[in-house]
1. Scanning for something among the aromatic types (Phe, Trp, Tyr) and either surrounded by fewer than 19 Cβ atoms within 10 Å (Cβ to Cβ) or at pLDDT below 90 (or both), does the stretch 244-256 turn up at least one residue?
2. Given the criterion buried (at least 22 other Cβ atoms within 10 Å of the Cβ), of a type in the set (A, V, I, L, M, F, W, C), out of contact with any strand residue (DSSP E or B) (no Cβ under 6 Å at 6 or more places or on another chain) and under 27 Å from Met108 (Cα atoms), identify the matching residue among Val304, Val270, Val299.
3. Which of the residues spanning the stretch 321-353 are at pLDDT 85 or above and assigned to a strand (DSSP E or B)?
4. Looking at the stretch 134-151, can you tell me whether even one residue there is under 29 Å from Trp229 (Cα atoms), in contact with a Phe, Trp or Tyr (Cβ under 9 Å, 6 or more places away or on another chain) and part of a loop (DSSP other than H, G, I, E, B)?
5. Would you check which residues across the stretch 231-245 are without any contact (Cβ under 8 Å) to a residue 60 or more places away in the chain and over 24 Å from the mean Cα position of the chain (by Cα) and list them?
6. Please go through the stretch 178-222 and pick out each residue that is assigned to a strand (DSSP E or B) and in contact with a Lys or Arg (Cβ under 7 Å, 6 or more places away or on another chain).
7. Surrounded by 23 or more Cβ atoms within 10 Å (Cβ to Cβ) and either free of Cβ contacts under 8 Å to residues at least 60 places away in the same chain or basic (Lys, Arg) (or both): is that true of Arg311 in this structure?
8. Return yes or no: is Ser172 assigned to a strand (DSSP E or B) and of a type in the set (Ser, Thr, Tyr)?
Amino acid sequence: MSSSLNLAATRGGGGDEHEIITSRMRGALLVSAALLDLANALRTSSPIMKASLPHDFVSVHAKYSLANPADVLPAFALPVMGDDKAGKDAPPSLCDEYMELARTETGMSYCGLDALRSQPSGQVVGGYMSVPDDTLFARAAYTDANAVLRHLEAVKAATDKIGAKAPLKELSIHGPAKELAICKASLGESASYFELLDGGYSSLKKVADGVPLTLTLLSVHTTLKVSDWSAAQPLMDGYVDVTSKEGGCVFCGFSRCGDTLFLREAFGSVPDIGKHIENAGSAMDALIAGPATLESSSVHGGRVNVLEFMRVMREGKLDGVYGDGSGVKADVFWKEVGIQRFERAQSMFGFTF
């Protein structure tokens, strides 16, 4: 297999004096991984935990080009701050305004803004910062098209301000055909529409409107160009099938727009991604080696998960989650603001994982 997140081989590495994750934090991550292993074992061994739930929610992705990150991002994402703790008393950013408008929406599964921080911070050891031409990425998911349209209207005042400082590069909507038709009737050609293909998987017991929590979802977005759909289909089916057996997968499924294939998936942690690649990586390798070409890949998550993912990539000398050696490197997006309101399947002890 050409790509693998081998956490067992890299977890003990390091020693770099600039390593942001201290040994104490590593210990906490190991404990968290052990708890996840226990939860996953319970989930896969108990009929209560194994149901494959509908993967038919509608997601919205928007990309903005940051001309001057200071015009848009929270203070902790900027060069002088950079440590994600300073700047808490700074005035609200445009990202904060966006999130405040979205906070009370109904039909929301999750909603947040992530930024590409492409440069190490010269002022904070182990910190990273956004620079001009980096990308701001809005990721959100809702129960149906009407909830999506309400969301776009609710945050319009903030997105207009963001767009004036950071031009919108791309807007895409992913969902079932009937929901896309409703969105297109309202939005026209201003967005690209990716039809959700059959066979997706979800572990979401409640898709939306649960207790609002800080967005911790670790999502992976992969775009491929397909030359032979008849050859690709069984490989896609096989990929989702093996992924559906994983305890750490939140959701997984493909959507299509023309000859472009998009894989939307999410996981509970970086170790869950590692186990996923060990389990399903060969299926993706077969797809990339045959009827599809990997075009882009990105990982989106909070600070701890992002830094752990970057460490694994660095120590394993990997380009990204999939297609190692293809020359396509994964962009890593840091969650700046966001909330999630979904709930996953519960264990026999009543805990939601």
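The values are calculated or read from the model by the stated rules, or taken from the named source; none is laboratory data. Because the structure is a prediction, the values reported are computed rather than measured. Please note: Cβ atoms are built from the backbone with ideal geometry, for glycine as well, and neighbour counts cover all protein chains shown.
1. No, the stretch 244-256 has no match at all.
2. Numbers: Val304 fails: buried (at least 22 other Cβ atoms within 10 Å of the Cβ); Val299 fails: out of contact with any strand residue (DSSP E or B) (no Cβ under 6 Å at 6 or more places or on another chain).
Criteria check complete, one pass: Val270.
3. Correct list: Asp331, Val332, Phe333, Trp334, Lys335, Glu336, Val337, Gly338, Ile339, Gln340, Glu343, Arg344.
4. Yes: the stretch 134-151 contains one or more residues that are under 29 Å from Trp229 (Cα atoms), in contact with a Phe, Trp or Tyr (Cβ under 9 Å, 6 or more places away or on another chain) and part of a loop (DSSP other than H, G, I, E, B).
5. Filtering the stretch 231-245 for residues without any contact (Cβ under 8 Å) to a residue 60 or more places away in the chain gives 233-243.
The answer is Pro234, and nothing else.
6. Filtering the stretch 178-222 for residues assigned to a strand (DSSP E or B) gives 192-196, 201-202, 204-206, 213-214, 218-222.
The answer is Tyr193, Phe194, Glu195, Leu204, Lys205, Ser219, His221.
7. Details: surrounded by 23 or more Cβ atoms within 10 Å (Cβ to Cβ): no; either free of Cβ contacts under 8 Å to residues at least 60 places away in the same chain or basic (Lys, Arg) (or both): yes.
It is false that Arg311 is surrounded by 23 or more Cβ atoms within 10 Å (Cβ to Cβ) and either free of Cβ contacts under 8 Å to residues at least 60 places away in the same chain or basic (Lys, Arg) (or both).
8. Numbers: assigned to a strand (DSSP E or B): yes; of a type in the set (Ser, Thr, Tyr): yes.
Judged against the criteria, Ser172 is a match.
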